[in-house]
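In what follows, a structure is listed as structure tokens, so that the remarks can point back to it.
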Amino acid sequence: MRKGQTNLRVDDKVEVIAGKDKGRVGKILRLEKDSNRVIVERINMIKKHQKATDATQSGQILEREAGIHISNVMLVCPECSENVRTGKKILDDGTKVRVCNVCKATIEKSN
């Protein structure tokens, strides 16, 4: 997959297919197209140590999501609830949509 090219969108439901969180399902919060990574809700959690900024605020340990490579997640079809690859289809009105390759259902209209 080339840099910045993906069939995933924000708010898609994906399942992790490789790594420490394999088998977990979550929603895409953010896409980082320049590095081919996605931020998935409550997946690949890391601890970030933050220094105190001034005398009134103390240091703390924040827990947040880290990026996971696009190749390690797969889209979950809303119709058949399986991990699927997608195809593209042009509707009669000229709009291009993503299509599930298993059940042939329309995922959603793309921009």
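The values are calculated or read from the model by the stated rules, or taken from the named source; none is laboratory data. No experiment lies behind these values; they were computed from the predicted model shown. Counting neighbours? That spans all protein chains shown, and the Cβs are built from the backbone with ideal geometry, glycine included.
Here are the numbers for the structure shown:
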item	result
Any chance Glu79 is among the acidic types (Asp, Glu), in a loop (DSSP other than H, G, I, E, B) and surrounded by 13 or more Cβ atoms within 10 Å (Cβ to Cβ)	yes
Whichever residue in segment 34-60 is surrounded by 13 or more Cβ atoms within 10 Å (Cβ to Cβ) and touching a Ser or Thr at 6+ places or on another chain (Cβ under 9 Å) and, among such residues, is farthest from Asn83 (Cα to Cα)	Asn36
Yes/no for Ala66 being touching a helix residue (DSSP H, G or I) at 6+ places or on another chain (Cβ under 6 Å) and either surrounded by 11 or more Cβ atoms within 10 Å (Cβ to Cβ) or assigned by TED's automatic domain parsing to the domain that holds Ala105 (or both)	no
Unmet requirement for Lys96, which otherwise passes all of (1) at pLDDT below 95; (2) under 22 Å from Gly26 (Cα atoms); (3) among the basic types (Lys, Arg)	(2)
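Here is a yes/no grid of residues against (1) part of a strand (DSSP E or B); (2) closer than 29 Å to Lys89 by Cα; (3) out of contact with any helix residue (DSSP H, G or I) (no Cβ under 6 Å at 6 or more places or on another chain); (4) not assigned by TED's automatic domain parsing to the domain that holds Asn101:
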residue: Leu31; (1), (2), (3), (4): yes, yes, yes, yes
residue: Ser35; (1), (2), (3), (4): no, yes, yes, yes
residue: Ile39; (1), (2), (3), (4): yes, yes, yes, yes
residue: Lys47; (1), (2), (3), (4): yes, no, yes, yes
residue: Ala52; (1), (2), (3), (4): no, no, yes, yes
